[in-house]
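Enquirer: After the structure tokens below, expect a handful of questions from me.
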Amino acid sequence: DPAVDPAVVDALRAARRVLVLSGAGMSAESGVPTFRDAQSGLWERFDPSSLATQEAWDDDPPFVWAWYAWRAALLRRVEPHAGHRAVADLARLRDVEVVTQNVDDLHERAGSRVLSHVHGSLLSFRCRDCATPWQGELAVPDEPVERLDPPTCPACGGDVRPGVVWFGEEMPRDAWDAAVGAVERLDVGDVVLVAGTSGLVYPAAGLPAMALGQGAVVVEVNPQPSDVSDLCHHHVRDGAATALPALVAALEQG
Ligand code: APR
Ligand code: ZN
């Protein structure tokens, strides 16, 4: 198996709790494009503010709905990878909590149970006006289309919107409270695995620094440096689908 950093394995051995903070890079090897990284970054073609904001939605709901509906449909065709399964397996060896910025359900499908989505979920939809949840069938063509009329709310006829957090919007209170709680539950010597995030979007990007304040050992799992690299104690410069299984296997070898 690929070489693992013994210092990281030792840190995992000494830890009681492990907090996994995951971003889009955690889903990349499942075929879900990230936002900013050069190869597959979706934002390379779209400017986030033209899509992931309340203003963009108010301005042109069918344009924004088409993009999110296509991404939601994409999630039907992807599978969790060995890295997601390693995070779920790790929960058999340590007390694991997952805080993800991702809006997919790959961690859940791999078996992770203690999980919060601080940027919402692309698999939940609600009415833009009365917030009534919408559980209808998502009718999306296989290829991306420019515009698609969003469904209408059965309760009030308003437009249905995706359950993701837009830039400038409040994060779901319960998810953010769970994320902060997870950091506060860390003790000296516990480990934080920061996997697949550029560390650019706050307040989620502030969680690793908060974890440092708890005395945790912060480990970055990312082929590239990120905006939080400098505060990490260790850097595993590899993809999550390779690095995480290797670390868990090394930990299991005792
Ligand atoms: N394994 C681990 N990391 C990877 C992999 C991989 N196989 N492939 C890419 N990465 C890394 C990239 O190097 C980059 O640092 O994943 C990171 C992806 O960064 P972003 O695309 O910015 O995704 P993220 O950090 O999750 O964005 C944060 O911004 O657009 C908003 O709400 C959206 O939750 C998102 C937030
Ligand atoms: Zn409504």
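The values are calculated or read from the model by the stated rules, or taken from the named source; none is laboratory data. Fair warning: this is a prediction, and the values are worked out from it, not measured in the lab. Methodologically, a virtual Cβ is constructed for each residue, glycine included, from the backbone with ideal geometry; neighbour enumeration extends over all protein chains shown. Ligands, DNA and RNA are stripped out before the accessible areas are found, and what is left, the full protein with its side chains, is counted by its heavy atoms. Shrake-Rupley method; radii C 1.70, N 1.55, O 1.52, S 1.80 Å.
Enquirer: Once phi is turned into ³J(HN,Hα) by the Karplus curve 6.51 cos²θ - 1.76 cosθ + 1.60 with θ = phi - 60°, what whole-Hz value does each residue of the range 186-203 show in order, with x for glycine and proline?
Expert: Those phi angles translate into 6, 10, 3, x, 6, 10, 10, 9, 9, 10, x, 10, 7, x, 9, 9, 8, x Hz.
Enquirer: Averaged per residue, what accessible area in Å² does the chain show with a 1.4 Å probe, protein chains only?
Expert: Working: 11350 Å² over 254 residues.
That works out to 45 Å² for each residue.
Enquirer: Scanning the chain for helices, which whole DSSP H stretches are 15 Å or more long along the axis (Cα) and average 0.5 or more by Kyte-Doolittle? Walk me through the numbers before you get to the answer.
Expert: Values: long enough: 61-75 (21 Å, 0.67); 82-93 (16 Å, 0.24); 173-184 (16 Å, -0.06); 240-252 (17 Å, 1.58).
In the chain, the long hydrophobic H runs are 61-75, 240-252.
Enquirer: In whole Hz, with x marking every Gly and Pro, tabulate ³J(HN,Hα) for the range 205-217 from phi via Karplus 6.51 cos²θ - 1.76 cosθ + 1.60, θ = phi - 60°.
Expert: Ordered by residue, 3J(HN,Hα) equals 5, x, 5, x, 5, 4, 5, 4, x, 8, x, 7, 8 Hz.
Enquirer: Could you give P(r) for the chain, binned at 5 Å from zero, as whole percent values over all Cα-Cα pairs?
Expert: In order of increasing distance, the bins hold 1, 6, 13, 18, 19, 15, 11, 8, 5, 3, 1, 0 percent.
Enquirer: On the full set of protein chains, 1.4 Å probe, figure out the accessible area of E108 and give it in Å² to the nearest 10.
Expert: Roll a 1.4 Å probe over it and E108 shows about 60 Å².
Enquirer: Under a 5 Å amide H to amide H cut-off, with H placed in plane at 1.01 Å, what residues pair with S116 once short-range neighbours are removed?
Expert: V98, V99, T100
Enquirer: Hey, another quick one. Taking amide H positions as placed 1.01 Å from N in the peptide plane, with prolines and chain starts having none, which residues 5 or more places from D238, or on another chain, fall under 5 Å of its amide H?
Expert: N222
Enquirer: While we're on this one: What are the residues whose amide H is under 5 Å from the amide H of A195, where those residues sit 5 or more places off or on another chain and H is modelled from the backbone?
Expert: HN-HN under 5 Å from A195: L21, S22, G23, V221.
Enquirer: Where does each of R92, R71, R13, R77 land when they are ordered by accessible area, with a 1.4 Å probe and the largest first? Kindly include the intermediate steps, with their values, before the conclusion.
Expert: Values: R92 160, R71 20, R13 95, R77 135 Å².
Heavy-atom accessible area, descending, gives R92, R77, R13, R71.
Enquirer: Running a GNM on the chain with Cα contacts under 10 Å, which residue among A205, A14, A73 ends up with the highest mean-square fluctuation?
Expert: Highest fluctuation of the listed residues: A14.
Enquirer: Moving on. Ranked by accessible surface with a 1.4 Å probe, highest first, in what order do E170, E97, E55, E29 come? Don't skip to the end; give the middle numbers.
Expert: Working: E170 145, E97 25, E55 125, E29 90 Å².
Heavy-atom accessible area, descending, gives E170, E55, E29, E97.
Enquirer: Could you rank M171, M210, M26 by how accessible they are, 1.4 Å probe, largest area first?
Expert: Values: M171 30, M210 70, M26 0 Å².
Largest accessible area first, the list is M210, M171, M26.
Enquirer: Ignoring ligands, DNA and RNA, what percent of the accessible area of the range 61-200 is carbon or sulfur (1.4 Å)? List each step's numbers first, then the result.
Expert: Numbers: 3140 of 6260 Å².
Carbon-and-sulfur percentage of accessible area, whole number: 50.
Enquirer: With r defined as the distance between the Cβ atoms of A3 and V114 and R0 fixed at 25 Å, what FRET efficiency is calculated, to the nearest 0.05? Show your work: numbers first, answer last.
Expert: Details: r = 30 Å, r/R0 = 1.19.
Once the sixth-power term is evaluated, E becomes 0.25.
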